[in-house]
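Below: one structure, written as structure tokens.
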Amino acid sequence: MRIIGIDPGTGILGFGVVDAHAGKVKMVTAGVITTPAHTPLDVRLEDIYDSLTDIISETKPDVMSIEKLFFGQNVTTAMSVSHARGVAMLAGRKGALPIAEYTPMQIKQTLTGYGKADKKQVQEMVRIQLGLKDVPQPDDCADALAAAITHSLMIRV
């Protein structure tokens, strides 16, 4: 099964594609979609949609795994990220992908065994699970791979 993981964001949206089979996961590709600051939101969202549509078309995943939003102190940032998350989900649906959603705590719990693990612990588990020499960079990319790996572990492929 091929899974695309998404770490939503307006300025930087992380994506990671993995193949999962017989309890093992292998990275296919990963990266980020960036949009310039001070660009109108509608233009940024269109860029995200178009880029994700291309990535889905090229990698042909079977399912999308996306991180649910955690609302912190900054409501303006949360609203912006929620727009990007919606556009990513739309790109997935338009690509005929089922969509699985996981909270940050579920991802941490699944990968590390501890729902309040820090970012470095999660990133190290991503590196180990994928058999990589180094932790994928930037953080948004590693977080997207974590979402994809979480889905593979939750459905046990």
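Each value in this text was obtained by applying a stated rule to the coordinates, not by laboratory testing. Model, not experiment: these values are computed from the prediction. Backbone-built Cβ (ideal geometry, glycine too); neighbour counts: all protein chains shown.
My understanding is that a pair violates if its Cα-Cα distance is over 27 Å; which of Lys94/Lys119; Lys60/Lys116; Lys24/Lys133; Lys26/Lys60 do that in this structure?
In this structure, Lys94/Lys119; Lys60/Lys116 exceed 27 Å between Cα atoms.
Excluding residues on the same chain fewer than 8 positions from Lys68, give the aspartates and glutamates whose Cα lies under 15 Å from its Cα.
Hits, sequence-local ones excluded: Asp7, Glu101, Asp140, Asp143.
Whose amide H sits under 5 Å from the amide H of Lys68, counting only residues 5 or more places off or on another chain, with H placed in the peptide plane?
Correct list: Tyr102, Thr103.
Specify whether the C-alpha gyration tensor of the range 27-115 places it in the rounded, prolate or oblate class, a ≥ b ≥ c being the square roots of the eigenvalues: rounded for a/c under 1.5, otherwise prolate if a/b is larger than b/c and oblate if not.
In terms of gyration-tensor shape, oblate.
Let me know the charge dipole size of the range 2-155 about its Cα centre in debye, to the nearest 20, where only the beta-carbon of Lys, Arg (+1) and Asp, Glu (-1) is charged.
480 debye
Provide, as a two-decimal number, the C-alpha radius of gyration of the chain over 2.2 N^0.38 Å, N being how many residues it has.
Expressed relative to 2.2 N^0.38 Å, the Cα Rg reads 0.96.
Only bridges with both residues in the range 2-155 count here: give the DSSP antiparallel percent, nearest 5.
65 percent
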